[in-house]
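The values are calculated or read from the model by the stated rules, or taken from the named source; none is laboratory data. For clarity, every value in this text was computed on a predicted model and none was experimentally measured. Reconstructed Cβ throughout: ideal geometry from the backbone, glycine too, with neighbour counts over all protein chains shown. Keep in mind that these areas ignore ligands, DNA and RNA; they rest on the heavy atoms of the full protein, side chains included. Shrake-Rupley method; radii C 1.70, N 1.55, O 1.52, S 1.80 Å.
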Amino acid sequence: MSATSATVTVALEGDRRYDIAIAAHSLQNLGAKLTEIGLGKKSKKVLIVSNPVIYKHYGETVATTLKNAGFDAISLILPAGERFKTANSLQKIYDAALNHRLERSSVIIALGGGVIGDMSGYAAATWLRGINLIQVPTSLLAMVDSAIGGKTGINHPQGKNLIGAFYQPSLVWVDPQVLQTLPTREFRSAMAEVIKYGIIWDRELFDLLAQCDRLDQLRYLSDDLLHTILYRCAKAKAEVVAKDEKEGDLRAILNYGHTVGHAIESVTNYRLFNHGEAVGLGMIIAGAIAVDMGLWSAAEQAQQVALITKTRLPQTLPADIDQAAIIDCLATDKKVEAGKVRFILPTAIGQVTLSDRVTTELINQNLRKILA
């Protein structure tokens, strides 16, 4: 890994291996990279899926680099936000794919954050039973998490990500320079996922973050530190995915904080908290439950909360939130097995375990602790 660029390989079997390429100021090189990895030999058609804000900043750069490499690209602009990760938006991608006559050897490029990446990925997985997918994440959260590993999907009105597929991209192209236009709230949100990797897998990353005075704005991170965060998070996720691509067991640890987090998002209609904010709350609750169950210490929980505090992420829920609805929502979580919700709980910084022994009473008492 150099100070400016790095490549992490997701070591899946056969031709499903792919790279996560991290390099500043590399967006304009995307077209040449697609040619280098063999795309465009049969079909030059590309569909770029983005949202209005991201496309305004980076759409022309991506369209130009594709044109210069000989690709025939069109763009589809979808509304921004989790509440638009729906079947209706998915249908618009299908319509654009049909109108542009995408073939199995064509390409869908997801230019955006997690919402665009998830929807574009599911469209790529299902259009003509699977076409090439390139993830070009423009948010920190997508760079460290959602663009990597092949989880794709849309939301159902009754729960998040209930409709989806595992479908790996051909490439993840990360240009940290695009984070300069990332809103502060979105940066903070992503730091919850970064901290997550420190808790579940990488104690060295956790310790590195603990040395920082502030983690709430990009300007407090040096270029070297940002590059290290991107590299270590990508490496952690690539290692987990290579060992357990379809969440048979190990990969479930990547959902640390997401069990209650997803329920909070759903119950509040994706309007009150964004994804990372909800995950941060979910991590606080999971850590507190782990203390109550004797799995890790109050001191370790305090270390986790201290890092979350440095991000300025919310640590309380509205006093009038419907706790019963959160419990009901947990019953539809993807990690339910034999009617029991499986929680990912920390046992030490850098280690977690899966447990189906978390009672409703434990969940409720720890939800009450963080009511505003």
Correct semi-axes for the chain, from √(5λ) of the alpha-carbon gyration tensor and rounded to whole Å with the largest first, are 34, 22, 18
Listed by chain and number, the lysines with an alpha carbon less than 20 angstrom from that of K237, same-chain partners under 8 positions apart left out, are K151, K196, K246, K334, K335
Here the stretch 184-369 gives, from Cα atoms, an Rg and Dmax in Å of 15.6, 47
Taking alpha-carbon centroids only, the stretch 209-232 lies from the stretch 176-203 a number of Å equal to 9
With 0.36 nm assigned to each residue of separation and the Cα-Cα distance removed, Q177 to N99 gains 24.8 nm
Note to self, the chain gives a 222 nm [θ] from helices alone (DSSP H runs n ≥ 4, -39500 (n - 2.57) apiece, / all residues, nearest 500) of -12500 deg cm²/dmol
Carbon/sulfur accessible area of the chain, % of total, 1.4 Å probe, equals 49
The simple spin-label model distance between V305 and A324, using points 7 Å out along Cα→Cβ, in nm, is 2.9
Where a ≥ b ≥ c are root eigenvalues of the Cα gyration tensor, a/c under 1.5 meaning rounded, otherwise prolate if a/b exceeds b/c and oblate otherwise, the stretch 71-125 counts as prolate
Hits in the stretch 79-105: amide N under 14 Å from the 7 Å Cα→Cβ extension of L162, namely 86-87
Taking a ≥ b ≥ c as the square roots of the eigenvalues of the Cα gyration tensor, with a/c under 1.5 meaning rounded and otherwise prolate when a/b exceeds b/c and oblate if not, the stretch 5-181 is rounded
So, over other residues within a Cβ distance under 13 Å of I54, counting Lys, Arg +1 and Asp, Glu -1, the net charge is -2
As a percent rounded to 5, the proportion of antiparallel DSSP bridges among beta bridges in the chain is 45
Any lysines whose Cα falls less than 19 Å from that of K41, other than same-chain ones fewer than 8 residues away, would be K33, K67
Taking the alpha-carbon centre of each part, the distance from the stretch 6-52 to the stretch 269-324 in Å is 36
